[in-house]
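The values are calculated or read from the model by the stated rules, or taken from the named source; none is laboratory data. Keep in mind the model is a prediction, meaning the values are calculated, not measured. Quick reminder, even Gly has a Cβ in these numbers, built from the backbone with ideal geometry, and neighbours come from all protein chains shown. Each accessible area value is taken on the protein alone, full model and side chains, heavy atoms only, with ligands, DNA and RNA left out. Shrake-Rupley method; radii C 1.70, N 1.55, O 1.52, S 1.80 Å.
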Amino acid sequence: MTPVTAGRARPAHAGRRRRFSAAAPPWFFAAPALVVYALVVLYPAVSGVVYAFTDWSGIGQDMSFVGLANFRTLLGDEQAMGSIGNTLLLTVAIVAVQNGVGLLLALGVHARLKSRALLRVIFFSPVVVSPVMVAFLWKYIYNPDPSAGLNGLLGLHVDWLGDPSVALWSIAGMVVWQYAGYSMVIFLAGLEGVPRELHEAAMIDGAGTFQRFRYVTWPLLAPAVTINLMLSTIGGLKLFDQVFAATNGGPGYATETLSTVLYKQAFVFGKFGYSTAVALVLALFVAAVSLVQVYYLRRREVTA
Amino acid sequence: MTDLLRDARLSRGQFLRMMGGLAAAAAATACSTRPETTATTGGGQAATELKFIGVADQKTPMDQLAAAYQTSKPSVRITASYAPTDQVQTSLRTQLGAGNAPDLHVVYPGNGSAMSMTQIAKAGLLADLSAQAWTQTIPAGFKPAFQLDGKTYIFSAGSSVIGAVYNKKVFEKAGIEAPPTTWSEFLAVCDKLKKAGVAPIALGAQTPWVTQLITYALVPSTVYAKDPAFDDKQLAGQASFADSGWRDAMEMYLELQKRGFFNDNPNGTTFEQQTSMVATGKAGMAIQVSAVLPDFRKAASSPDDLSMFPVPGADDANSVWIPAGVVVGLGASAKGKNAEEAKAFIDYLGKQESINAWAKAIAAIPLTQDASSTIDPAVESFLPFTKDRAVPFMDQRWPNAEVQPVHFAVIQELLAGKSTIDEALKKMDEAYKK
């Protein structure tokens, strides 16, 4: 069993794709949405960039142009630099675990289980809850009291959110719990698109469960993998609500992410200019990472 | 293959429906989060609507006084909304920055936080209240909290103190007859409580602002009792956190932890948990600000079980000083179209009977007192200090909004054993100089 089967099936489908896109509606159908997007998202975002080169406090009229000083400050800012480390660790953990768990869940509820419809709803349900609510909920689950919450359930004695060496992973766990169902849904969509004929053919060729997954399902899941990795990476890099509600960056600076730093600089310290500079760096960073990711992941996509 | 085609079309339909659903959901949430500005204004004709945004601690007195004001002046409607400290500071700053400040809003006395009087007044966003009669009676020691360059920008009903909120029943059970008056007595009391099987001091250090209260309770004795002009020297660059009694205060803080006088995992414990521990007798006391006494009382089965005593930060009872700060107040937006009506409401708050009502609701010591002023019995033990052995909360004299959050963070790091007192004080000094 080799991916050749998959390769052979490609031209027919690709042709169909093209026919679909030929019948696609003209681009100006998107114009109203684009205008709204430009007015509500693009214009404010771009006009805000100016502040990254000033020392504006966020209120009042006092403002002077400081050139690249804010970016120089960022390089020497221990706290911001530390938060970049935290952000990357969180992102890697979330991307790996959330998608791993999501894939397992998807494979599980894709199987012919009696209660699979119900299970899908249950696994997806945390996604629709507001992240802040989830964080407050988990604050109770992460109660350090050995007889309460997760500690009580597992018989542990861990200070989940209060121990600086654990807190970051506790937040990652919380995020994974909430969004694994989201990855699951996308993987499920991918799984539904794997033609049964290929599985039948592979079975006739004598492929076992794992081999069928490895050589049939997995290559055809590539588009789902691309979208899941990209969405979870962007989500991880931008992570704010959960951290803010659960630990507010603490204890100390142990769970400070780039988003919480830029928030604090703007609204707590009154350094709007500097905060905008941090935001700009974050936005460029996220864009760069996503583009590289899409480029590489797209190359390994095949279709059935 | 036709199967596939149908599948694809179906999923596109589902997709569109899903997007429609999402849009509807987004619209619904957008509507539900819009602040209710009109909901409570119905009825009055040609009413002036004054919008107030306050901090949660202000809800009880503000609702009470706003209702009273509206009865006496039916042409004015006051719509108030409240949020916890951290949230209200940010949302207000955003509104001020965007130029749509509410007519009245919470203002923190003095300097040192993002919504403090000095920071906002400097930006020209607070209305000058100096013409109002009550401003003439502000006690001299409190003037820096109310005034910038001799003009008054904030109304506050009085002062609150930081001390130990304790559970009288737990103290009795542990055989403690009287609150301690020196540091060694304080340690002995903690020891007795520990032996009685309760956490001597409940500490909710996961809630950032709670972290600072123990240092604030000790620093008046370790710093200001020895050098009442410390703030001025620090502003002039002649004194620092690292070379002052701040070091002693931090050492005392950590000594309490080393002796096991805190609950387990203070960094994972919130203010709400701290409150309930003391109120339900699982802990003996909590070092807290008197303004939250009502929260403790609400959580207790019998409110009379709770009282307060000053934390003795020195071994000589006569050199014990206490922190007594002006409570969070409010100001009027300088640029609002209802500025005059807003100022008139503040003038009403400045009347002695309003001050009395406000102070009573939050267990504060009224700004000015007359025969009908009441002082909460729980804070009576602080009164002997308020005359000449009390200092305002430290952050009110700090030059920027960064020192305070750094203080929160270093305390959490110290409690977690991830930092040393040297590093902590150095970070605070660095933030002070920014």
Given the protein assembly as shown, what percent of its DSSP beta bridges are antiparallel, to the nearest 5? 60
Residues with amide H under 5 Å of B:Ser159's amide H, sequence separation 5 or more or different chain, H placed in the peptide plane at 1.01 Å from N; which? B:Val327, B:Ile365, B:Leu367
Rounded to the nearest 500, the 222 nm mean residue ellipticity computed for chain B from DSSP H runs (n ≥ 4, each -39500 (n - 2.57)) alone is -12500 deg cm²/dmol
May I ask you to evaluate 6.51 cos²θ - 1.76 cosθ + 1.60, the Karplus curve with θ = phi - 60°, for each residue of segment A:29-35 and list the ³J(HN,Hα) values in order in whole Hz, giving x for glycine and proline? 4, 7, 3, x, 5, 5, 4
If the limit is 19 Å between Cα atoms, which of A:Lys264/B:Lys59; B:Lys351/B:Lys387; B:Lys195/B:Lys258; B:Lys51/B:Lys122; B:Lys143/B:Lys387 go over it? A:Lys264/B:Lys59; B:Lys351/B:Lys387; B:Lys51/B:Lys122
Fluctuation leader among B:Thr181, B:Thr207, B:Thr90 - chain B, Gaussian network, Cα springs under 10 angstrom: B:Thr90
Derived scalar couplings ³J(HN,Hα) [segment B:264-278; Karplus, 6.51 cos²θ - 1.76 cosθ + 1.60; whole Hz; x for Gly, Pro]: 5, 6, x, 5, x, 9, 9, 4, 4, 5, 4, 4, 5, 4, 6
Summing -39500 (n - 2.57) over every DSSP H run of at least 4 in chain A, dividing by its residue total and rounding to the nearest 500, the 222 nm mean residue ellipticity is -21500 deg cm²/dmol
Mind checking which aspartates and glutamates have their Cα closer than 19 Å to the Cα of B:Lys168? Skip sequence neighbours fewer than 8 apart in that chain. B:Glu177, B:Glu185, B:Asp191, B:Asp295, B:Asp304, B:Asp305, B:Asp376, B:Glu380
Amide H to amide H under 5 Å from A:Thr54: which residues, 5+ apart in sequence or cross-chain, H placed 1.01 Å off N in plane? A:Val66
Sparse-neighbourhood loop sites, trypsin sites (Lys or Arg not before Pro) in segment B:289-335 - DSSP loop, at most 15 other Cβ within 10 angstrom: B:Lys335
Students often forget the sequence filter, so: which aspartates and glutamates lie under 18 Å Cα-Cα from A:Lys114 once same-chain residues fewer than 8 apart are removed? A:Glu192
FRET efficiency for A:Leu34 and A:Tyr140, using Cβ-Cβ distance with R0 set to 41 Å, rounded to 0.05: 0.40
Report the net charge of residues surrounding B:Tyr348, where surrounding means a beta-carbon distance below 12 angstrom and charges are Lys +1, Arg +1, Asp -1, Glu -1. 0
Pick from A:Asp62, A:Asp77, A:Asp241: which residue has the top mean-square fluctuation in a GNM of chain A where Cα pairs under 10 Å get a spring? A:Asp62
How far apart, in nanometres, would the label points at B:Thr71 and B:Lys258 be if each is projected 7 angstrom from Cα along the Cα-to-Cβ direction? 5.8
Can you work out the Karplus-derived ³J(HN,Hα) for every residue in segment B:145-155? Use 6.51 cos²θ - 1.76 cosθ + 1.60 with θ = phi - 60°, whole Hz, and x for glycine or proline. 6, 9, 10, 10, 6, x, 10, 8, 10, 9, 9
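Give me the mean projected area, in nm² to one decimal, of the convex hull enclosing the Cα positions of segment A:79-299.
So the Cα hull casts an average projection of 14.2 nm².
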Dividing the convex hull volume of the Cα atoms of the protein assembly as shown by its residue count, what figure in Å³ per residue is obtained? 198
Relative contact order in percent for segment A:79-299 (Cα pairs under 8 Å, 6+ apart) equals 29
Length gained if A:Val294 through A:Leu154 is fully extended, taking 0.36 nm per residue and subtracting the Cα-Cα distance, is 46.5 nm
Modelled label-to-label distance, B:Glu380 and A:Ser147, 7 Å Cα→beta-carbon offset: nm? 3.7
In Å², nearest 100, what accessible area do chains A and B bury in total when the solvent probe is 1.4 Å? 2700
Cα centroid of segment A:200-276 to Cα centroid of segment B:160-186, whole Å: 49
I want the local charge near A:Met230. Using Cβ-Cβ distances under 15 Å, sum +1 for each Lys or Arg and -1 for each Asp or Glu among the other residues. +3
Among trypsin sites (Lys or Arg not before Pro) in segment B:376-408, those in a DSSP loop whose Cβ has at most 10 other Cβ atoms within 10 Å are B:Lys387
Long-range amide H partners of B:Leu126, meaning residues 5 or more apart or on another chain whose placed amide H is closer than 5 Å, are B:Ala334
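What's the longest uninterrupted piece of chain B once you rule out the GluC sites (Glu not before Pro) that are loop residues per DSSP with at most 12 other Cβ within 10 Å?
So the longest stretch without any such site is B:178-434.
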Cα-projected label distance for B:Lys195 with A:Glu78, points at 7 Å along beta-carbon direction, nm: 4.3
Of A:Val101, A:Val292, A:Val281, which is the most mobile in a GNM of chain A whose springs link Cα atoms less than 10 angstrom apart? A:Val292
Using heavy-atom solvent-accessible surface (probe 1.4 Å) with all chains present, what is the largest-first order of A:Val35, B:Val165? A:Val35, B:Val165
Explain nothing, just the number: relative contact order of chain B, from Cα pairs under 8 Å at least 6 residues apart, as a whole percent. 24
Put simply, what bits of segment A:145-159 lose 40 Å² or more of accessible area when the other protein chains are there, versus the chain on its own (1.4 Å probe)? A:Asp159
